[in-house]
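> Below is the structure I would like to discuss, written out as structure tokens.
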Amino acid sequence: MSRREAGTDGRREAVPSGAGTASGPERRRVLAAFLRSRRERIAPGDAGLPAGPRRRTPGLRREEVATLSGVSVTWYTWLEQARDITVSRQVLHSLARVLYLSPAETRHLFALAGQPLPAPDAVRAGGRPLQRLVDALDPHPAYVVAANWDLLAWNRAEAGLIGDPAHWDDPERNLLRLVFTDPRIRTLLADWPDQARTLLEQYRASADRHTGDPAFTRLTAELRERSEEFRTWWDTHDIAEFRPTRRVFDHPHLGRLTFDYVKLTPVDTPGVTLVSCLPSDDGTAGKLGALSECAAGDRGVTSEPGAEGALNPE
């Protein structure tokens, strides 16, 4: 049997009477101590509140954090008492905002609550150093993606291979969306069905680990609506983990290109992946310089002069 405690803004947080999603009493105690320490370091004025008389403890009161976060005082008190309650991702984001948590502290909060880490902000999570690293890998194609496959960084060689993402609207900078909605990608990727299904299975594994994340929910719903193949393969529930793989491209200007894909995960930027593409044969290696030149002319997979931005879904 479970009880529910209503938030002050009408949201409801589940409060199970049995075992919850937390991994154990120790983790809940650490989470409670962490929240108290962050709450006590914030002056009321910093949160737009009057200091008021007779504050027996430093920082914000529990009821102030609860009100600012949109949850009930009772529920937040239970959280700081290390009770076995369920904490949603929405509330964690609210607490991170109210407590002015840094990106590292926010990831720590989610980990203590037993929730998947939040998707990193491309700028706040070290996007510039990653962009410099990606640029240094040129003329080998390389890019950085978030957990939901949003494209965060790329170099000139990658732009020459798939088209320049700088010319796309932000919502279109998602590799899975491009694979399943742009007809030109079907021409670019040799053996599109096998490659597309493998990519979907990798995305499915990530999406299942981020259940409830709005970014995954929106993308999955959109692709189920727009792509019959995505909808059919998604319903099989097949998953796959990334492994070093070989991908073959039929480039409209350079012909057949074959790359071995290698994935790296930056230790200081959880939730993002750097992918580097290494030529798997001498013919591809000899075309790397020309691939970067395609980016300079913004040719990429766009085969007709004057065509709209490469890989821009129709």
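> Could you grab me the full set of residues in the stretch 216-254 that are charged (D, E, K, R) and without any contact (Cβ under 8 Å) to a residue 24 or more places away in the chain?
R218, R224, E225, E228, R231, D235, R243
> For residues in the stretch 255-280 being loosely packed, with under 13 Cβ neighbours inside 10 Å and without any contact (Cβ under 8 Å) to a residue 40 or more places away in the chain, which is farthest from the chain's Cα centre (by Cα)?
From the stretch 255-280, those loosely packed, with under 13 Cβ neighbours inside 10 Å are 255, 265, 267-268; that's our starting set.
Those left that are additionally without any contact (Cβ under 8 Å) to a residue 40 or more places away in the chain: 255, 265, 267.
Numbers: G255: 33, T265: 13, V267: 15 Å.
Out of the qualifying residues, it is G255.
> Return the total of residues in the stretch 65-74 being in contact with a helix residue (DSSP H, G or I) (Cβ under 7 Å, 6 or more places away or on another chain) and either without any contact (Cβ under 8 Å) to a residue 24 or more places away in the chain or outside any loop (DSSP other than H, G, I, E, B) (or both).
The number of residues fulfilling the criteria is 5.
> Further question: Right, A166: more than 21 Å from the chain's Cα centre (by Cα), under 24 Å from T269 (Cα atoms) and assigned to a helix (DSSP H, G or I) or not? Steps first, answer last, please.
Values: more than 21 Å from the chain's Cα centre (by Cα): no; under 24 Å from T269 (Cα atoms): yes; assigned to a helix (DSSP H, G or I): yes.
So A166 does not fit the description; no.
> Okay, moving on. Mind listing whichever residues of the stretch 245-289 are outside any strand (DSSP E or B), of a type in the set (S, T, N, Q) and modelled with pLDDT of 90 or more? Don't jump to the end; show me each part of the working.
Taking the stretch 245-289 as the starting set, the residues that turn out to be outside any strand (DSSP E or B) are 252-254, 265-271, 280-289.
In the following step, the residues that additionally are of a type in the set (S, T, N, Q) were identified as 265, 269, 280, 284.
Residues satisfying the conditions are S280, T284.
> Sticking with this one: Of the conditions (1) at pLDDT 85 or above; (2) under 27 Å from L152 (Cα atoms); (3) touching a Phe, Trp or Tyr at 6+ places or on another chain (Cβ under 7 Å), L117 fails just one. Which one is it?
Here L117 clears every test but (1).
> Quick one: how many residues across the stretch 217-228 are in a helix (DSSP H, G or I) and crowded, with 16+ Cβ neighbours inside 10 Å?
4
> Please count how many residues of the stretch 80-113 are without any contact (Cβ under 8 Å) to a residue 60 or more places away in the chain, touching a Pro at 6+ places or on another chain (Cβ under 9 Å) and not in a helix (DSSP H, G or I).
So the answer is 1.
> What are the residues in the stretch 173-197 that are surrounded by fewer than 17 Cβ atoms within 10 Å (Cβ to Cβ) and hydroxyl-bearing (S, T, Y), if any?
Listed by number, the list holds a single entry, T187.
> Being farther than 19 Å from E63 by Cβ, buried (at least 17 other Cβ atoms within 10 Å of the Cβ) and modelled with pLDDT of 85 or more is the filter here, so list the residues in the stretch 97-107 that pass it.
L101, T106
> Just give me the residues in the stretch 151-172 being crowded, with 19+ Cβ neighbours inside 10 Å, of a type in the set (D, E, K, R) and at pLDDT below 90, in sequence order.
D164
> Next up: State whether the residues of the stretch 277-295 include one that is β-branched (V, I, T), in contact with a helix residue (DSSP H, G or I) (Cβ under 7 Å, 6 or more places away or on another chain) and farther than 26 Å from P129 by Cβ.
Just the residues of the stretch 277-295 that are β-branched (V, I, T), to begin with: 284.
Filter once more, keeping what is in contact with a helix residue (DSSP H, G or I) (Cβ under 7 Å, 6 or more places away or on another chain): none.
Checked the stretch 277-295: no residue is β-branched (V, I, T), in contact with a helix residue (DSSP H, G or I) (Cβ under 7 Å, 6 or more places away or on another chain) and farther than 26 Å from P129 by Cβ.
The values are calculated or read from the model by the stated rules, or taken from the named source; none is laboratory data. What you see is a predicted model, and the numbers here were worked out from it, not measured in a lab. Note that each Cβ is placed from the backbone with ideal geometry, even for glycine, and that neighbours are counted across all protein chains shown.
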